[in-house]
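Chemist: Sharing a structure with you now.
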Amino acid sequence: IAVEDSDRAAAQGMTVVDPATVMATHLGELIRVGAPELLGRREVEQLMEGFARTQPKIVEELVPGMLSLGDVAKVLRNLLREGLSIRDLRTILESLADHASVIKDPETLTELTRQRMARAITAKYREEDGAVYGLILDGQVEDLFRPHPGQKTAAQLPEARFIPPLLRSLDAAVREQSGSAHLPLLITTPDIRRSVAALAMRHVPGLAVVSYREIDPATPIRTTAVVTLRE
């Protein structure tokens, strides 16, 4: 709209944003979405070199003694892919150093690192009343992501026949929450978080998935809806 019409539009309850802010917002979102691809080995190496100037022992212990630079990069990209900041490099690298002596899988290390980042994750989703609001999965839905009895495999995606009704349920729950002030958030048990997040990222854009261990124990959790399987 024309600049001279902005006051009238605002008086009618419309949100008025200047072009520079619109451009900055879209550019910021573009960078956020593309951050995992922008973070290559060279960028990770520069981060590690910068961190080593103040915390050399952690870097010396971790790379290459426990993990390769490539594995550290995979963990950092995993965090960025789900919208988490990697600014607190100390917490991330200390978590990797604590677990990498026995665990080498970057995906598992990512989950353990997320749990160590509980304070930052909680702050991202905590509302003004001090609570975190989120959807939860019905117990039967959670079981779809777990291995069958006797299997020793990690959490996995549900059988193909269950995915369409599950996606309809998730989509409906998110749409019902769209009119509220709460960010779209799904809270799951730790053992299935990664599998649920993989499904949500592909089919329910904008829905964040965290586990109960990623929320500060002192922060109340308020359930906004329970996702059941819609046939």
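The values are calculated or read from the model by the stated rules, or taken from the named source; none is laboratory data. Nothing here was measured: the structure is a model prediction, and the numbers come from that model. FYI the Cβ positions are ideal-geometry reconstructions off the backbone, even for glycines, and counts take in every protein chain you see. In case anyone asks, the SASA skips ligands and DNA or RNA and just uses the protein heavy atoms, side chains included. Shrake-Rupley method; radii C 1.70, N 1.55, O 1.52, S 1.80 Å.
Chemist: What pairs can you find where one residue is in the stretch 111-133 and closer than 27 Å to LEU96 by Cα and assigned to a loop (DSSP other than H, G, I, E, B), the other is among the small types (Gly, Ala, Ser) and open to solvent by 50 Å² or more (accessible area, probe 1.4 Å), and their Cβ atoms are less than 9 Å apart, with a gap of 6+ or different chains?
Modeler: MET117/SER85
Chemist: Between residues in the stretch 204-223 that are farther than 21 Å from ASN78 by Cβ and residues that are among the aromatic types (Phe, Trp, Tyr) and surrounded by 15 or more Cβ atoms within 10 Å (Cβ to Cβ), which pairs lie under 6 Å by C-beta distance while being six or more apart or on different chains?
Modeler: Partner pairs satisfying both residue conditions: ARG222/TYR133.
Chemist: Next question, about the same structure. Looking at the stretch 175-198 only, could you name the residues that are open to solvent by less than 10 Å² (accessible area, probe 1.4 Å) and more than 20 Å from SER85 (Cα to Cα)? I'd like the intermediate steps shown before the answer.
Modeler: So in the stretch 175-198, the residues open to solvent by less than 10 Å² (accessible area, probe 1.4 Å) come out as 185-188, 192-193, 196-197.
Within the stretch 175-198, THR188, ILE192, VAL196 qualify.
Chemist: Now, a different point. Using the structure shown, decide if LEU186 is of a type outside the set (Val, Ile, Thr), in a strand (DSSP E or B), modelled with pLDDT of 90 or more and within 18 Å of the chain's Cα centre (by Cα).
Modeler: Yes: the conditions hold for LEU186.
Chemist: Now, a different point. Look through the stretch 54-90, keep the residues that are among the β-branched types (Val, Ile, Thr) and surrounded by 15 or more Cβ atoms within 10 Å (Cβ to Cβ), and return whichever of them is nearest to ALA198 (Cα to Cα).
Modeler: Residue satisfying both the conditions and the ranking: VAL75.
Chemist: Under 7 Å between Cβ atoms, at least 6 apart or on separate chains: pull out the pairs that start in the stretch 158-174 with a residue that is open to solvent by less than 10 Å² (accessible area, probe 1.4 Å) and end on any residue that is of a type in the set (S, T, N, Q).
Modeler: Once the first residue is open to solvent by less than 10 Å² (accessible area, probe 1.4 Å) and sits in the stretch 158-174, its partners that are of a type in the set (S, T, N, Q) give SER169/THR228.
Chemist: Out of (1) at pLDDT 90 or above; (2) of a type in the set (Val, Ile, Thr); (3) closer than 26 Å to ARG116 by Cα, what's the single condition that is false for VAL141?
Modeler: The single condition VAL141 does not satisfy is (3).
Chemist: Hey, could you check the stretch 91-103 for residues that are in contact with a Leu (Cβ under 7 Å, 6 or more places away or on another chain) and assigned to a loop (DSSP other than H, G, I, E, B) and say which is least open to solvent (accessible area, probe 1.4 Å)?
Modeler: ALA100
Chemist: Right, another one. Give the stretch 134-153 a look and list any residue that's surrounded by fewer than 18 Cβ atoms within 10 Å (Cβ to Cβ) and part of a loop (DSSP other than H, G, I, E, B), or say none.
Modeler: Answer for the stretch 134-153, where residues must be surrounded by fewer than 18 Cβ atoms within 10 Å (Cβ to Cβ) and part of a loop (DSSP other than H, G, I, E, B): ASP138, ARG146, PRO147, HIS148, PRO149, GLY150, GLN151, LYS152, THR153.
Chemist: Please go through the stretch 55-75 and pick out each residue that is farther than 12 Å from ARG114 by Cβ, assigned to a helix (DSSP H, G or I) and not basic (Lys, Arg).
Modeler: If the condition is that a residue be farther than 12 Å from ARG114 by Cβ, assigned to a helix (DSSP H, G or I) and not basic (Lys, Arg), then PRO56, ILE58, VAL59, GLU60, GLU61, LEU62, LEU69, GLY70, ASP71, VAL72, ALA73 are the ones that fit.
Chemist: So LEU80 passes all but one of these: (1) in contact (Cβ under 8 Å) with a residue 24 or more places away in the chain; (2) assigned to a helix (DSSP H, G or I); (3) under 15 Å from SER211 (Cα atoms); (4) not small (Gly, Ala, Ser). Which condition number does it fail?
Modeler: (3)
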